[in-house]
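The values are calculated or read from the model by the stated rules, or taken from the named source; none is laboratory data. None of the values given here were measured: they were computed from a predicted structure. Here the Cβ is made from the backbone with ideal geometry for all residues, glycine too, and neighbour counts use every protein chain on show. Side chains included, ligands, DNA and RNA excluded: accessible areas come from the protein's heavy atoms. Shrake-Rupley method; radii C 1.70, N 1.55, O 1.52, S 1.80 Å.
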Amino acid sequence: MDEKTGMQAKSRVNPTTPAQPATRGRPGRRARREFEYRRHGTAVLYAGLNVHDGQVTAWVTDSTRASNFIAFLTDLVAATPAGLELHCIVDNLSAHGTEKVTEFLDQPAHHHVFLHRTPTHASWLNQVELFFSILQRRLIRYGEFDSVDDLATKVIAFINDYNKRARPFRWTYDGRPLQAA
């Protein structure tokens, strides 16, 4: 699990002109995007990736406060089938190690929840970062959002659609030192 911070809800000052296909020997035209945009605020996405099936559980909020992290953990606990342990690989965000989080994990109802922290500067170990890259390339990079709520709605819709075809990521690194290209 991880958080994607600073997702900006931006809309173009002038509307994007859609691409036009080639016709009768004439070349087509690429989509044209105006460089000026309006900012409507930012959002934070908490996401948990189930490494066994590739499904993503997500929650959009306004910040990375410990209370928001606990709310997301509560959603994950509710989505976890009874009798299973929930192992979450997290980075070293300060919100992950607060007293409130410790109190949450110490409750008898949450003794099956375990947080495993990655070493400092090793957040690339979180497979959910691969999903964030997909989200960034397919939705956020060229997306236009009229408000933070519009951004949140489109992100959740993207994740719901993604989950219909989700598959686990295949790691191919075999432990040998990487070779230069």
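Count the net charge of all other residues whose Cβ sits under 11 Å from the Cβ of Leu139, scoring Lys and Arg as +1 and Asp and Glu as -1.
Surrounding charge for Leu139 is +2.
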Which GluC sites (Glu not before Pro) in segment 29-134 pass both tests, a DSSP loop state and at most 13 other beta-carbon atoms within 10 Å?
-> Glu34, Glu36, Glu85
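In the neighborhood of Pro21, defined by Cβ-to-Cβ distances under 14 Å, what is the net charge if each Lys or Arg adds +1 and each Asp or Glu adds -1?
Values: positive: Arg24, Arg26, Arg29, Arg30; negative: none.
Overall, the nearby charge balance is +4.
Give, as a single signed number, the net charge of other residues whose beta carbon lies under 15 Å from the beta carbon of His111, with Lys and Arg counted +1 and Asp and Glu -1.
On the way: positive: none; negative: Glu85, Glu103, Asp106.
Summing Lys and Arg as +1 and Asp and Glu as -1 gives -3.
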Close lysine pairs (the chain; alpha-carbon distance under 22 Å; 8 or more apart or on separate chains) counted at 5
Carbon and sulfur %, accessible surface of the chain computed with the full protein complex present, 1.4 Å = 51
Everything considered on the Cα gyration tensor (a ≥ b ≥ c; rounded for a/c under 1.5, else prolate if a/b is larger than b/c, else oblate), segment 54-115 must be described as oblate
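Out of the DSSP beta bridges found with both residues in segment 19-128, what percent are antiparallel (nearest 5)?
Working: 8 of 13 bridges.
Taking every DSSP beta bridge with both residues in segment 19-128, the antiparallel ones total about 60 percent.
Where Rh is the Kirkwood radius over the Cα pairs of segment 41-146, the temperature 25 °C and the viscosity 0.890 mPa s, what D in µm²/s does Stokes-Einstein return? Each step should come with its number before you reach the end.
Working: Rh = 15.0 Å.
For these conditions, the coefficient is 164 µm²/s.
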Tyr162: accessible area at probe 1.4 Å, nearest 10 Å²?
-> 30
What value, in deg cm²/dmol to 500, does the helix sum -39500 (n - 2.57) over DSSP H runs of n ≥ 4 give at 222 nm once divided by the residues of the chain?
-> -8000 deg cm²/dmol
Keeping all protein chains in position, work out how much accessible area Thr74 exposes to a 1.4 Å probe, and write it in Å² to the nearest 10.
-> 70
